[in-house]
Ligand code: GRF
């Protein structure tokens, strides 16, 4: 982890969906005091809305559909090495990285998950939290290890579930908090001395 401490880290963001967390991290990275520089975005989805944003903002991106996972991971690994990427932020990335890929970047991959881990790992977190009549849900930023959504937790934010909430409204509320939490998590791990 000590290797993460220092000036702006060369960072890659991995996405699959809308990329709102990605946009938020890019905005954060442009602030003078931020601790990351977004050098590259990897998208598993060529139709992601985020692509237009990346083009407009002149941020380098590559698309890999992960249909040939081993081959794609090898290519991604080589690109990341060539660009001396020091940190990987998964942000709505829906593919599961192989153990060997994770091992190669051990302690340098972060993920954001829309639940209060260890509760509700995996998909459909909001549906399950509401179905179980939870009073709170939230979001978690954690290190990625070889088990799904199980790496060391860095930071969490609780969000109240109201009686009127449905998965969509809860997802919206939590996403808003995710945008605050990811930069906070980066500050937390990158400014430790
Ligand atoms: C977020 O809720 C993230 O936690 C989850 O998928 C959603 C992605 O949103 N894994 P976005 O693509 O960052 O807008």
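General remarks:
- Once the Cα gyration tensor of the range 68-164 is diagonalised, semi-axes √(5λ) in Å: 30, 13, 10
- Bridge type composition, the chain - antiparallel percent by DSSP, nearest 5: 40
- Across the alpha-carbon set of the chain, the Rg to Rh ratio works out to 0.95, Rh being the Kirkwood radius.
- Where only DSSP H runs of four or more residues are counted, the chain gives -11000 deg cm²/dmol as its mean residue ellipticity at 222 nm, each run worth -39500 (n - 2.57).
- Seen from every direction in turn and averaged, the convex hull around the alpha carbons of the range 1-89 projects onto 6.0 nm².
- Helix 167-190 vs. the chain, principal-axis angle (Cα, 0 to 90°, nearest 10): 40
- Centroid-to-centroid separation of the range 44-67 and the range 87-123 [C-alpha atoms, Å]: 19
- Exposure proxy ranking, count of Cβ atoms within 10 Å, fewest first, for 94, 22: 94, 22
- Helix 20-29 and the longest principal axis of the Cα set of the chain meet at an angle near 50°.
- Förster radius 25 Å - calculated FRET efficiency between residue 147 and residue 187 (Cβ-Cβ, nearest 0.05): 0.45
- Angle in degrees between helix 69-82 and the longest Cα principal axis of the chain, rounded to the nearest 10: 60
Where a number appears in this text, it was derived from the coordinates with a stated rule and is not lab data. The structure displayed is predicted, hence computed values, not measured ones. Heads up, the Cβs are rebuilt from the backbone with ideal geometry, glycines too, and the neighbour counts pull from every protein chain shown.
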